[in-house]
Amino acid sequence: MMFKCHCRDCQRVTGGGFVAGLLVPASAYRVTKGELRYHFTPSTAGGKHKRGFCSECGSRLTGGESDERATGFVGVTAGSLDDPSWFRPQLAFFVSDAQPWDHMDLEISLRSY
């Protein structure tokens with residue numbers, strides 16, 4: 001699933017209007033070089049939201065995980081993909097938190113949560 005998350009937390013983490021990401025099965029995700037470092041913030045779903053960053057350059061690579069329960073998925077930031085040009089968001093989350101200067105894609109907005 002490919003998405004844009006407009007929640008205030010994602011806005012703060014990116015310094016922008018949203019996080020562009022995709023969910024992949026945790027069993028299919030692997031780091032091929034180096035190691036991730038993690039940062040935790042409070043989650044609206046309870047517990048803490050776990051985000052993975054490159055230990056070398058500090059780029060955000062993952063999110064969508066919880067420190068309390070396994071979801072079976074890993075959120076991967078679209079910009080961290082080797083070829084992010086194939087990213088096509090299907091859904092938008094927390095559109096009520098979207099900034100007025102962030103022009104929404106009407107097709108995605110109609111399927112928003």
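The values are calculated or read from the model by the stated rules, or taken from the named source; none is laboratory data. Since the model is a prediction, treat every value here as computed from it, not as a measurement. Here Cβ is always computed from backbone atoms with ideal geometry, including for glycine, and neighbour counts include all displayed protein chains. Quick note on the areas: whole protein, heavy atoms, side chains included, nothing else; ligands and nucleic acids left out. Shrake-Rupley method; radii C 1.70, N 1.55, O 1.52, S 1.80 Å.
Numbers for the structure displayed
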{"quantity": "All positions within the stretch 61-86 that are within 16 Å of MET2 (Cβ to Cβ), of a type in the set (Gly, Ala, Ser) and outside any helix (DSSP H, G or I)", "calculated": "GLY63, GLY64, GLY75"}
{"quantity": "For PRO89: the one exception among (1) in a loop (DSSP other than H, G, I, E, B); (2) open to solvent by 50 Å² or more (accessible area, probe 1.4 Å); (3) touching a residue at least 40 places away in the same chain (Cβ under 8 Å)", "calculated": "(2)"}
{"quantity": "Residue in the stretch 59-76 that is free of Cβ contacts under 8 Å to residues at least 40 places away in the same chain, touching a Lys or Arg at 6+ places or on another chain (Cβ under 8 Å), of a type outside the set (S, T, N, Q) and within 17 Å of ALA20 (Cα to Cα) present", "calculated": "yes"}
{"quantity": "Residue that is outside any strand (DSSP E or B), in contact with a strand residue (DSSP E or B) (Cβ under 7 Å, 6 or more places away or on another chain), open to solvent by less than 70 Å² (accessible area, probe 1.4 Å) and among the small types (Gly, Ala, Ser), where the choices are GLY46, GLY34", "calculated": "GLY34"}
{"quantity": "Cross-chain or 6+ apart pairs with Cβ under 9 Å, the stretch 1-23 first and more than 21 Å from PHE40 (Cβ to Cβ), then among the hydroxyl-bearing types (Ser, Thr, Tyr) and in a strand (DSSP E or B)", "calculated": "ALA20/THR77; LEU22/THR77"}
